[in-house]
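The values are calculated or read from the model by the stated rules, or taken from the named source; none is laboratory data. This one's a predicted model, so the numbers in the text were calculated from it and none came from an experiment. For neighbour counting, all protein chains shown are included, and Cβ atoms are generated from backbone atoms with ideal geometry for every residue, glycine included. Side chains included, ligands, DNA and RNA excluded: accessible areas come from the protein's heavy atoms. Shrake-Rupley method; radii C 1.70, N 1.55, O 1.52, S 1.80 Å.
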Amino acid sequence: MTEMVTSLLRRAYSSFASHIFDVPARLLAFLLFLLFLVMPLTNPGYFIYTGEGYYILGILVVANIYAIYAASWDILAGRTGQLSLGHALFYGIGAYTVAILYKFYALPLWVTIPIGILVSVSVALLVGFPCLRVKGPYLSLVTLAFPLILTGIFFMFKDVTGGELGISSLPAIIPVPPYTINQQRLAAFYFSSLLLAVSSVILYKIANSKIGIIFVSMLDDEVASKASGINTTKYKLLAFAISALFASLAGAFAASYESSVGISMLALTMSFYPVIMTILGGIGTIYGPIIGAFILTILDRYVLKVVVSDALAHTHIIERAEDLAPWHMIIYTSVVIIFVLAWPRGVTRFVVDKLEDLEEARELEEIKKKKK
Amino acid sequence: MIEDLLIYGAISGAVYALLALGFTLVYGVAEILNMAHGALYMLGVYAFVILFSFFHLDLLSSIILATIFVGFVGIAVYGLIRSVVDEVLPVLVVTLGATLVIQQLSIIQFGARDIRVPPMISGIVTLLGVKILQDRLLALALSLCLIFVLWIFISRSKIGLAMRAVAQDREVAMLMGINTERVYMLTILISGSLAAVAGMLITRPVVNPNIWQTPLYMSFAIVVLGGLGSIKGSLVGAFIIGYAENAVLYLVPEGQYLKGAVALAVMVIVLVLRPAGIFGKRMEIER
């Protein structure tokens, strides 16, 4: 028995070593992730307790949620080329299923989140079906319609969905009484980081597996991949289902983290967030959208709402907080526009290309030296 | 009842056609999915309200000035995307960003509150036993006029010919000595102006900085329904959506919430039956 366990552990370790330690870039990412996890413990006063309506861990939790959401869009759009502009449909369904099931049946989260994912995946298969017939911009515009149609339906059944107000006071991820608020914050952070790690690894694996290659073949040339005997219908629906799975996971987690859902979860802006994050980070890479989500969330919630607000509060240029909000949005959007115009293929692509250039230059130098 | 539907459907259809024509024109000629179309629409309404009810200019000159202003804002948006104009997603994100900037600037300038849009003319007429505001009738007449003028412009004038040539094949048009850059700019100018006029005609009774969303997805629905880049298709699509919307308002008690949803549902159904819209060309394998 013990032998079996040790051999299993050894096998796991060796595969882990060969996959992570031997690739410098992955090792770097792994160490960064570890640093990310340890960080809050080094200075809890700074990360957890800061009052005044925000705390830094909370911002990172939101970034984690958006990262999962954006990465799920990337596997659909960046890999198969189906540029969906209605991803909020899956996010919203995940969130609303959790909320409605709690409101009417008081089911716990570990039941409602899987149900939310299930509902979302089945909706994805349903929605994916008409989407199979349309291509390119038509597909983008059709998918854009679905969350808006659902919004209309939600408004019709106000007593179930709460209409404009949504549903609030959902249970937290960690049951309240025995734990302090700070412990809950830490728990939410670690739980969301775990979710991000697991889902990004799964998405990355899928993107680089045989299925991922088939996805890319459909992006490159659908007719040719059909001619090679690939059942494109099946794989397109599969892409929709995978994407919906992770988007609804993000939505369901967001619902329980913010302990409320609202109609804004289905709004146009919510559909555009993953698009903006992915384009900024680098489409088709899976790690790009994650980086993009972190850049934009930290820019939005920390740099603009905390640092800039504090600086302006001292100068008394703008007196009231609500006068500041539009300026935040303008700076945020301008940063996005500048990033996208400067690096249309994404920030991570740009960095990776630069690193590869350096590597190549170094190798050339070495060859020259050898010749001498 | 049926007369109500007939007349109000026609009015909605005509103004929606005006809205969607600008969008489809830009896509047809320059292959730009202009997400800032809704923002230009909104800007048109604001400019009109300022000129008409705050500066007390007369109706015609405030419409014309507001239209020209929005047209130039459209050119400014094009200036932003000029360097990435061939790539679909960066264009999408940047025009969307421009929309948000315009929205936030209007919040700073006018506040997030509702501002009343005055009717262009007051009074009521009775037509086929239906009472209609003269304002709405003017909207119908004005949009039909503009659509007709645009149609003539595109099919008869030299610039219209250049636009059609660029839409058909950009490289060959360039070889024939057409300055595509200038044609793009002109197209955006026309498109922005049309959006502005549509805004002035549709938006009643109030305007606020969030009204850009509905016209944006409405023009999507119409344009996709008719076939992207097809002017004839947009006209037909606009009337289909206009009538469908009004039919829902009359038939379903909760109709006001479903108005937008029904328009979009119609679009989805049509697309499932005809994947490239009613008048759209089938997507070719190789361009």
Search result, residues across the stretch B:211-227 that are touching a residue at least 60 places away in the same chain (Cβ under 8 Å), at the interface with chain A (Cβ under 10 Å from one of its Cβ atoms) and not in a helix (DSSP H, G or I): B:212
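Each row is one residue, and each column tells you yes or no for (1) touching a Lys or Arg at 6+ places or on another chain (Cβ under 8 Å); (2) charged (D, E, K, R); (3) within 20 Å of residue A:256 (Cβ to Cβ).
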| residue | (1), (2), (3) |
| --- | --- |
| A:103 | no, yes, yes |
| A:107 | no, no, yes |
| A:122 | no, no, no |
| A:128 | yes, no, no |
| A:135 | no, yes, no |
| A:148 | no, no, no |
| A:154 | no, no, yes |
Just one listed residue, out of B:64, B:102, is within 13 Å of chain A (Cβ to nearest Cβ) and either of a type in the set (Ser, Thr, Tyr) or in a helix (DSSP H, G or I) (or both), and it is B:102
Out of B:247, B:265, sole residue that is away from every other protein chain (no Cβ under 14 Å) and farther than 30 Å from residue B:112 by Cβ: B:247
If only one of A:279, A:286, A:214, A:263 is under 21 Å from residue A:195 (Cα atoms), of a type in the set (Val, Ile, Thr) and open to solvent by less than 40 Å² (accessible area, probe 1.4 Å), which one is it? A:286
May I ask you to list pairs of residues, at least six apart or on different chains, whose Cβ atoms are under 9 Å apart, with the first in the stretch B:59-86 being buried (at least 16 other Cβ atoms within 10 Å of the Cβ) and the second being outside any helix (DSSP H, G or I) and aromatic (Phe, Trp, Tyr)? B:62/B:55
Return a yes/no flag: does the stretch A:109-130 have any residue that is at the interface with chain B (Cβ under 8 Å from one of its Cβ atoms) and touching a Gly at 6+ places or on another chain (Cβ under 8 Å). no
Subset of the stretch B:41-58, residues without any contact (Cβ under 8 Å) to a residue 60 or more places away in the chain and surrounded by fewer than 17 Cβ atoms within 10 Å (Cβ to Cβ), comes to B:54, B:55, B:56, B:58
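Condition check ((1) more than 14 Å from chain B (Cβ to nearest Cβ); (2) closer than 16 Å to residue A:243 by Cα; (3) touching a Lys or Arg at 6+ places or on another chain (Cβ under 9 Å); (4) not in a helix (DSSP H, G or I)) across all residues:
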| residue | (1), (2), (3), (4) |
| --- | --- |
| A:196 | yes, yes, no, no |
| A:200 | yes, yes, no, no |
| A:203 | yes, yes, no, no |
| A:206 | yes, yes, yes, no |
| A:215 | yes, yes, yes, no |
| A:223 | no, no, no, no |
| A:226 | no, no, no, no |
Looking at B:260, B:233, B:242, which one is in a helix (DSSP H, G or I), away from chain A (no Cβ under 14 Å) and open to solvent by less than 50 Å² (accessible area, probe 1.4 Å)? B:242
Members of the stretch A:30-79 that are open to solvent by less than 10 Å² (accessible area, probe 1.4 Å) and at pLDDT below 75: A:40, A:48
Residue A:170 fails exactly one of (1) assigned to a loop (DSSP other than H, G, I, E, B); (2) open to solvent by 30 Å² or more (accessible area, probe 1.4 Å); (3) more than 14 Å from chain B (Cβ to nearest Cβ), namely (2)
Is there a residue being open to solvent by less than 80 Å² (accessible area, probe 1.4 Å), touching a residue at least 60 places away in the same chain (Cβ under 8 Å) and within 30 Å of residue A:326 (Cα to Cα) anywhere in the stretch B:118-137? yes
Going by the structure shown, is residue A:163 within 14 Å of another protein chain (Cβ to nearest Cβ), over 25 Å from the mean Cα position of the chain (by Cα) and small (Gly, Ala, Ser)? yes
Answer with yes or no whether residue B:167 is part of a helix (DSSP H, G or I), open to solvent by less than 80 Å² (accessible area, probe 1.4 Å), away from chain A (no Cβ under 14 Å) and free of Cβ contacts under 8 Å to residues at least 24 places away in the same chain. no
